[in-house]
Amino acid sequence: MRPLFDLGPRLALCAGLVRPGRKLIDVGTDHAYLPIWLLRRGLVKSALATDINPGPLEAARRSGEKYGAGEALSLRLCDGLAGVAPEEGEDIVIAGMGGELILRIVGETPWLRDGEKRLVLQPMSSVPELRLGLRALGFAVLEEHAAVDGGKVYSAFAAQYVGETPETGPLYPWLGKLVPGEDGVKEYGEKVLRELGNQLQGARHSGAQAQAAELEARMAAIRDAYLPG
């Protein structure tokens with residue numbers, strides 16, 4: 001058995017949000033590095049790694065053998081959580097996908113509407129849409145953290161079904177539950193400002209004055225709250 005690898009900062013964010021001692025499901029697992037790391041560290045009881053394509057699952061199988069994950073790691077070919085039963089997992093990680101795809105998977109899986117389940121989500125795109133979509137479905141973001149990995153900045157967050165529309169602040173779609181001053185948050189705020197700045201340029205170019213004014217106000221609020229000085 002090979003010595004256990006270190007997780008990169010992006011996957012380490014996800015690992016830190018998984019509750020110890022739970023049954024894990026890792027959706028779209030790729031090489032299954034996250035479940036293998038959590039199993040080898042004794043942080044989860046079992047792990048089910050799923051993927052829609054057989055290639056990543058074969059890579060996951062090889063990784064499991066290489067790092068001695070044993071029978072606690074199981075693999076399944078399925079689309080999202082379509083082939084998974086509720087009792088097979090308590091903490092469900094969906095990482096490295098677009099926000100709209102993550103939202104589709106969550107919306108299509110009724111058994112996630114259970115306050116005992118925890119979602120650990122790490123979107124690669126459409127993040128404001130994901131946060132707002134989760135809120136509309138009755139999921140509250142419990143905590144969120146950011147990290148720089150390979151020159152890019154990511155956030156990951158834990159969410160739980162609460163059965164009603166959670167209250168959120170005005171900057172929630174863009175910054176979620178990130179805490180000013182924490183590692184990676186300044187860089188994440190700068191990324192959001194760049195994205196909003198592109199939208200502002202487009203609004204000015206098209207003569208959409210009201211939209212431009214709204215974007216300017218939003219950017220000023222983000223600077224004040226997340227990029228002091």
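The values are calculated or read from the model by the stated rules, or taken from the named source; none is laboratory data. Fair warning: this is a prediction, and the values are worked out from it, not measured in the lab. Every residue, glycine as well, gets a Cβ built from its backbone with ideal geometry; the counts of neighbours run over all protein chains shown. Remember, those area values only see protein heavy atoms, side chains included, never the ligands or the DNA or RNA. Shrake-Rupley method; radii C 1.70, N 1.55, O 1.52, S 1.80 Å.
Remark: the Cα gyration tensor places region 1-53 in the rounded category, a/c being less than 1.5. Here is the list for region 35-121: GluC sites (Glu not before Pro) lying in DSSP coil, each with at most 11 other C-beta atoms within 10 angstrom of its C-beta, are GLU116. For LEU132, the accessible surface of its heavy atoms amounts to roughly 70 Å² (probe 1.4 Å, protein chains only, rounded to the nearest 10). Would you be so kind as to identify which of ILE105, ALA140, ALA60 lies farthest towards the positive end of the dipole of region 60-152, taking Lys and Arg as +1 and Asp and Glu as -1 on Cβ and the Cα centre as origin? Towards the positive end, the residue furthest out is ALA60.
The trypsin sites (Lys or Arg not before Pro) of region 1-86 that DSSP puts in a loop, and whose beta carbon has at most 15 other beta carbons within 10 Å, are ARG41. The GluC sites (Glu not before Pro) found in region 145-201 that occupy coil by DSSP, while having at most 14 further C-beta atoms within 10 Å, are GLU164, GLU167, GLU182.
Only the Cβ atoms of Lys and Arg (+1) and of Asp and Glu (-1) were treated as charged; on that basis the dipole of region 133-224 about its Cα centre amounts to roughly 320 debye. If you add up the charges near LEU227, with Lys and Arg at +1 and Asp and Glu at -1, over every other residue whose beta carbon is less than 14 angstrom from its beta carbon, what do you get? For residues surrounding LEU227, the net value is +1.
Distance from the alpha carbon centroid of region 8-22 to that of region 61-90 works out to 17 angstrom.
Assigning unit charges at the beta carbon (Lys, Arg +1; Asp, Glu -1) and nothing else, what dipole magnitude in debye, to the nearest 20, does the chain show about its Cα centre?
380 debye
For the chain, complete DSSP H runs whose alpha carbons reach 24 Å or more along their own long axis and whose mean Kyte-Doolittle score is -0.5 or higher are 209-226. Taking every DSSP bridge with both residues inside the chain, close to 35 percent are antiparallel.
The apolar share of the surface of the chain, taken as the fraction of accessible area on carbon and sulfur atoms (1.4 Å probe, ligands and nucleic acids excluded), comes to 50 percent. Among GLY99, GLY202, GLY64, the largest mean-square fluctuation in a Gaussian network model of the chain (Cα springs under 10 Å) belongs to GLY202. Over the chain, average the accessible area per residue using a 1.4 Å probe and give it in Å², no decimals. Accessible area per residue, the chain: 48 Å².
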